[in-house]
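Structure first, then comments.
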Amino acid sequence: MRNITDVDAAGGVLRRSQIKPVYDATVPYWRTELHPIDDHRSTEELPEECDIAIIGAGFSGVATAYHLDKLHDGKERPSIVMLEARRVCEGATGRNGGHVKMKTATVHGLIEKFGTELAMEVRDLVMAQNYALKDAVETENLDCEFELRRSYDVYIDEDEAEKAKKDFLANLKAGARWTRDVDMIEGKNIEQVTSIKGAKLALSVPICSLWPYKFVSQILARLVERKAVNLQTNTPVTSVDSTSPRHPSASIIHTPRGTLKAKKLIFATNAYTAGICPSYHETITPVRGTASHLVPSNLISPHLSHTYNINYARPSPTSKSRVDYLNPRPDGSIVVGGGNWTYSNSLSKWYDNFDDSTQLSEARPHFDSLMQRHFKGWEESGAGVERVWTGIQGYTPDGLAHVGEVPGKEGRQWILAGFNGGGNAFIWLTAKGVVEMVANGKDFEDTGLPKLFKTTEERLRQRME
Ligand SMILES: Cc1cc2nc3c(=O)[nH]c(=O)nc-3n(C[C@H](O)[C@H](O)[C@H](O)COP(=O)(O)OP(=O)(O)OC[C@H]3O[C@@H](n4cnc5c(N)ncnc54)[C@H](O)[C@@H]3O)c2cc1C
């Protein structure tokens, strides 16, 4: 990858400080049933100061506010202001696959790159989070189609199937404990078991799925009702001064509606972080992705109870992997995302691109007849695209989130951002760890968060390849 701080693919100037949520975003399936909290402002005027400011009302920002509230339950609460450029959950959280999963290939990749011990910290977080999300749904009585279920990593590509099998069996033989939850399926009945035509291998893993917008907006509504958070939607942060001579121990947050002084500031801005936090200019790159909602004209029974990552056959052994994710919905429709090989040749369309107001139209034909092409029994389903949308992910050079105190701004600013392609699997418990740092003064190492997530000066020096 290139260093695109100053120049974009068309030769124009693109400074990372211009990265921001755009208006007139494409409308994802998940934002078709809006909650009254969607464009709420707790007070007409922006407060002038607060104890803790959270920028971003997506999964990260709301999870952070929730755990802050829990920590202060029955005690004196800090004043918390949440600033959101657009509406609640209009960023990646409202546009993703609703899949809370870590692929087996990702586990293998982490083990190869960082060793088993560090990789397992990340995998354990994902597993713990499945149950923590279930607890939250039950405790808060949320109506968000939450399901504990299983997911298939299916391989149609021969070479990839062989590698996945070899990696898995090596881990199994070595007694790696994560393999206990994973089931390997192959042999003559594999198409029947997985429903996928041409499947060579499948690894079945425990996961959960939910309606991300409903989960986040309902939690946020309860926080606003309890007056635990002052929510300010449609309030973009344009810059943050952290070295104001008048307020050396505070962050001064500028918006078109006025200025907010915060004793503590949390960036929950994922892909957009570089726009207002210069330390991350070269570290978090906005990457545009796309997903779709497919609806069958004839309802198919039985229901597809598992979710999927499908690794399709590649045109040649040197081609990059072609992977989609599928999340069958309770009503028989399916959310499908991926298809990035259909537009990947055109770098500026997706890389360092933060515009979710337009479509990646190349992917639409791929999504349109996907069920008929790949699923047994779906040939006459009439399944087709009901809508397609784009969304912006925050990619980092090492593929891992940046979490903790912003280097050089210790005690004043924290971050949880850069979740690459899969934040749903990490954010809920990562936010809990961040809250331990912000409110209880814990060191990162004492939060139990994966060491690989810690944001450091050294990681800030890494560059995209
Ligand atoms: C198409 C697509 C499919 C995906 N599929 C999956 C999936 O199936 N599973 C999975 O785990 N992950 C998936 N992801 C990734 C996942 O959506 C993200 O990792 C996750 O939602 C990040 O949550 P967040 O709250 O950190 O970021 P966001 O949801 O993007 O929230 C950040 C918020 O900050 C606000 N903000 C940013 N800058 C400013 C500013 N200057 N002032 C005020 N507000 C600001 C934004 O408006 C936004 O609301 C997908 C992403 C995309 C785009």
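Values as computed for the structure displayed
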| item | result |
| --- | --- |
| Entries of Lys173/Lys376; Lys20/Lys349; Lys101/Lys188; Lys163/Lys320 with Cα pairs more than 22 Å apart | Lys173/Lys376; Lys101/Lys188 |
| Linear extension gain, Gln18 paired with Asn189, 0.36 nm per residue minus alpha-carbon span | 56.3 nm |
| Antiparallel DSSP beta bridges within the chain, percent to nearest 5 | 70 |
| Hits among aspartates and glutamates - C-alpha to C-alpha of Lys103 under 14 Å, sequence gap 8 or more where chains match | Asp124, Asp153, Glu160, Asp167, Asp181, Asp183, Asp324 |
| Cα gyration tensor shape of region 206-259, rounded if a/c is under 1.5, else prolate or oblate by comparing a/b with b/c | prolate |
| Cα Rg, Dmax, region 8-144, angstrom units | 18.8, 56 |
| Assigned charges on the beta-carbon of Lys, Arg, Asp, Glu; the chain dipole about Cα centre (debye) | 400 |
| Farthest toward positive dipole pole in the chain [+1 Lys/Arg, -1 Asp/Glu at C-beta], among Ser297, Tyr66, Thr243 | Thr243 |
| Distance (nanometres) between label positions extended 7 Å along Cα→Cβ at Asp143 and Leu169 | 5.0 |
| At R0 = 35 Å, FRET efficiency that the Cβ-Cβ distance of Thr259 and Leu34 yields, to 0.05 | 0.75 |
| Extension gain, Lys227 back to Glu445 (0.36 nm per residue minus Cα-Cα distance, nm) | 75.3 nm |
| With Cα atoms, 0 to 90° folded angle of helix 158-173 axis to the chain main axis | 70 |
| Cβ-Cβ FRET estimate between Thr238 and Glu380, R0 fixed at 51 Å, reported to 0.05 | 0.45 |
| Spacing of the two label points (7 Å from each Cα toward its C-beta) at Arg177 and Ser321, in nm | 2.5 |
| Estimated 222 nm signal from helices in the chain, with DSSP H stretches of n ≥ 4 weighted -39500 (n - 2.57), rounded to 500 | -7500 deg cm²/dmol |
| Residues of type lysines that Lys70 reaches as a straight line, Cα spacing below 25 Å, ignoring anything fewer than 8 places off in the same chain | Lys134, Lys214, Lys227, Lys261, Lys263, Lys264, Lys432, Lys442, Lys451, Lys454 |
| Sorted peptide list for 383-395, 442-454, criterion being average Cβ within 10 angstrom, highest first | 383-395, 442-454 |
| Point-charge dipole on Cβ atoms (K/R +1, D/E -1) for region 177-273, about Cα centre, debye to 20 | 440 |
| Rg/Rh for the chain, where both radii come from Cα atoms and Rh is the Kirkwood radius | 0.96 |
| At R0 = 22 Å, FRET efficiency that the Cβ-Cβ distance of Thr43 and Asp331 yields, to 0.05 | 0.05 |
| Inverse mean reciprocal Cα-Cα distance (Kirkwood Rh) of region 234-313, Å | 17.0 |
| Mean Cβ count within 10 Å, highest first, over the residues of peptides 228-239, 249-260 | 228-239, 249-260 |
| Segment Glu158-Ala313, extension gain: residue separation times 0.36 nm, minus the distance between their alpha carbons | 55.1 nm |
| Acute angle (nearest 10 degrees) that the helix 104-114 long axis makes with the longest principal axis of the chain, alpha-carbon atoms | 60 |
| Crossing angle, helix 116-139 versus the chain [Cα axis fit, 0-90 degrees, rounded to tens] | 80 |
| Estimated vicinal HN-Hα couplings, Hz - region 185-202 in sequence order (Karplus 6.51, -1.76, 1.60; Gly, Pro = x) | 10, 8, x, 5, 9, 4, 5, 5, 6, 8, 6, 9, 5, x, 4, 9, 8, 9 |
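Since every read-out is calculated from the coordinates, none of them should be taken as a lab result. Keep in mind that what you see is a predicted model, and the values were worked out from it rather than measured. Virtual Cβ from ideal backbone geometry, glycine too; neighbours counted across all protein chains shown.
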